[in-house]
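Derivation of every value follows stated rules applied to the coordinates shown; laboratory data play no part. What you see is a predicted model; the values in this text were computed from it and never measured. A quick note on method: Cβ atoms are made from the backbone with ideal geometry, for glycine too, and the neighbour counts reach across all protein chains shown.
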Amino acid sequence: METESEPTSRKSHWENVYNSKKLEEVSWFQPKPETTLSFLSTYKVPLSARIIDIGGGDSYLVDHLLDLGYTNVSVLDISEKALERVKARLAERAKLVQWIVSDAAKFVPDVEYDFWHDRAAFHFLTDPSDIAHYVESAKKGIRKGGNLVVGTFSDKGPLKCSGLEIRQYTKDSMVATFGEDFNLLDSNVLDHKTPGGNVQNFIFCGFERV
């Protein structure tokens, strides 16, 4: 008999977070995801590109993508509550987005994406099998020549977030994790100031699927 598994525990945790905190209260809140938008610009991602935001929650990235004219956007999150919140905010525009309720560690894409984005979801995967599954999903789910952009806590960032242990990364460990199927194009280290005034150090890595 199956007891409460780690994915189930993760889902319960995140449903509770989104049921108990407002968007502006969570540490990862950004009114404008400037770093992600800069990657889209640098890689000249066309408006017709198939884009997925992994662990997007109720962030404002999808709003900005729609504002810019992107027409093929998917948002994945483990929390149904998070997606309900952003759909309510978008109102009629929510119909323009594909919503996927899934644990990022278990997601199996059935299409190929041109741009796979993950800000602050990947570092919550600490089990090697979950990390390996995520990497395999990215290999399967990103077309050759497409882009992978992942933002995680750096080795100078926090050790925990939202009450959970995380895994820190450096440029070298990100390259080693995603392996020879991805070619590193860019890496940026930056500080994110939380609504509570704390500073979290992130590393963003941009790859090309080869």
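Some values worked out for this structure:
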read-out	value
Ordering of 119-128, 52-61, 90-99, 9-18 by packing [mean C-beta count within 10 Å, highest first]	52-61, 119-128, 9-18, 90-99
In order through the range 202-209: 3J(HN,Hα) via Karplus (6.51 cos²θ - 1.76 cosθ + 1.60), integer Hz, x for Gly, Pro	10, 10, 10, 10, x, 10, 10, 6
Span from the the range 68-87 Cα centroid across to the the range 93-157 one, whole angstrom	14 Å
Estimated dipole of the range 165-210 in Debye, rounded to 20 [Cβ of Lys and Arg +1, of Asp and Glu -1, Cα centre]	180 debye
Set of lysines near LYS193 by C-alpha distance (under 24 Å), chain-local residues within fewer than 8 positions excluded	LYS21, LYS22, LYS32, LYS156, LYS160, LYS171
Whichever lysines have a C-alpha closer than 17 Å to that of LYS144, once near sequence neighbours (fewer than 8 apart) are set aside	LYS44
Aspartates and glutamates whose Cα lies under 18 Å from that of LYS140, excluding same-chain neighbours fewer than 8 positions away	ASP53, ASP103, ASP110, GLU112, ASP114, ASP118, ASP130, GLU180, ASP181, GLU208
Residue-by-residue Karplus 3J(HN,Hα) for the range 133-143, coefficients 6.51, -1.76, 1.60, Hz, glycine and proline x	5, 4, 4, 5, 5, 5, 4, 6, x, 10, 5
Over the chain: helical MRE at 222 nm, DSSP H runs n ≥ 4 each giving -39500 (n - 2.57), nearest 500	-9500 deg cm²/dmol
For the range 104-210: relative contact order, % (alpha-carbon pairs under 8 angstrom, 6 or more apart)	29 percent
Percentage relative contact order, the range 30-209, counting C-alpha pairs under 8 Å, at least six apart	18 percent
Ordering of 161-172, 130-141, 187-198, 69-80 by packing [mean C-beta count within 10 Å, highest first]	69-80, 130-141, 161-172, 187-198
